[in-house]
1. Does E77 satisfy being of a type outside the set (F, W, Y) and assigned by TED's automatic domain parsing to the domain that holds T112?
2. Check whether at least one residue in region 152-161 is in a strand (DSSP E or B), in contact with a helix residue (DSSP H, G or I) (Cβ under 7 Å, 6 or more places away or on another chain) and within 27 Å of Q64 (Cα to Cα), and report yes or no.
3. Could you count how many residues in region 21-67 are at pLDDT below 95 and on the phi > 0 side of the Ramachandran plot?
4. I'd like to check which strands (runs of 3 or more DSSP E) are fully inside region 1-113 and have at least 2 residues that are without any contact (Cβ under 8 Å) to a residue 12 or more places away in the chain.
5. Exactly one of (1) in a strand (DSSP E or B); (2) under 26 Å from T155 (Cα atoms) is unmet by H127. Its number?
6. Would you be able to say whether some residue in region 10-17 is touching a Gly at 6+ places or on another chain (Cβ under 7 Å) and surrounded by 11 or more Cβ atoms within 10 Å (Cβ to Cβ)?
7. Taking the conditions exactly as written (closer than 15 Å to R135 by Cα, out of contact with any Phe, Trp or Tyr (no Cβ under 8 Å at 6 or more places or on another chain) and exposed (fewer than 12 other Cβ atoms within 10 Å of the Cβ)), does E21 satisfy them or not?
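The values are calculated or read from the model by the stated rules, or taken from the named source; none is laboratory data. Note that the structure is a prediction, hence the values are computed from the model and not measured. Reconstructed Cβ throughout: ideal geometry from the backbone, glycine too, with neighbour counts over all protein chains shown.
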Amino acid sequence: MEITSQCVVALTWRLTDTLGEELDILDSPVEFLVGGDDLLEKIEEALQGHKVGDTVDLHLEPEQAFGDYDDQKLFLEPRSLFPAETDEGMTFEGTALPPGMDPMPPADLFYTVTDIYPEHIVLDGNHPLAGIALRLHLKVERVREATEEEVGKGTAGTGFFKVQPAAPGDTTLH
């Protein structure tokens, strides 16, 4: 079966920056809905017409991936507003940020704790890969028709490099 819109594709990948530094490896296949909200547009375009066993190599500029780095998404907040167990690398959903921030950061972003000081915490609402040109080596492991439920939801249950709130030390990008 060839990859077309409204199918589910199981992928493995190796992601590097343009200098070859490895950023992420996915050895076990993960399913994504093509034609939904799971994959970046450039990746969906490149996968069209491929089938199981095919490999695809892509170069993604920041505007094709996670956008340019925006320093307006950086926030310096009082340490006292956050739980004592807050560590660097933790993420917070914008809707779950503690009250008392002034101004309150936008609720539609995920924020990563990038630095902790005795009196302040630095929150970064940029995607961890914002501002970085990427090289992606994909392998098509499986292709199947999407279910009505997947098409209706616009997802196979995963998003491409979504950052979810994580436990301390969890740096998973997918």
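1. On the way: of a type outside the set (F, W, Y): yes; assigned by TED's automatic domain parsing to the domain that holds T112: yes.
Against the criterion (of a type outside the set (F, W, Y) and assigned by TED's automatic domain parsing to the domain that holds T112), E77 qualifies.
2. Looking only at region 152-161, we keep the residues that are in a strand (DSSP E or B), and these are none.
Within region 152-161 (the criterion being in a strand (DSSP E or B), in contact with a helix residue (DSSP H, G or I) (Cβ under 7 Å, 6 or more places away or on another chain) and within 27 Å of Q64 (Cα to Cα)), the answer is no, since none of the residues qualifies.
3. 2
4. Numbers: elements: 7-17, 22-34, 55-60, 74-78, 91-93.
Result: empty, no element qualifies.
5. (1) is the only condition that H127 fails.
6. Start the filter on region 10-17 by keeping residues that are touching a Gly at 6+ places or on another chain (Cβ under 7 Å), which leaves none.
Scanning region 10-17 turns up no residue that is touching a Gly at 6+ places or on another chain (Cβ under 7 Å) and surrounded by 11 or more Cβ atoms within 10 Å (Cβ to Cβ).
7. Details: closer than 15 Å to R135 by Cα: yes; out of contact with any Phe, Trp or Tyr (no Cβ under 8 Å at 6 or more places or on another chain): yes; exposed (fewer than 12 other Cβ atoms within 10 Å of the Cβ): yes.
Taking the combined requirement at face value, the residue satisfies it.
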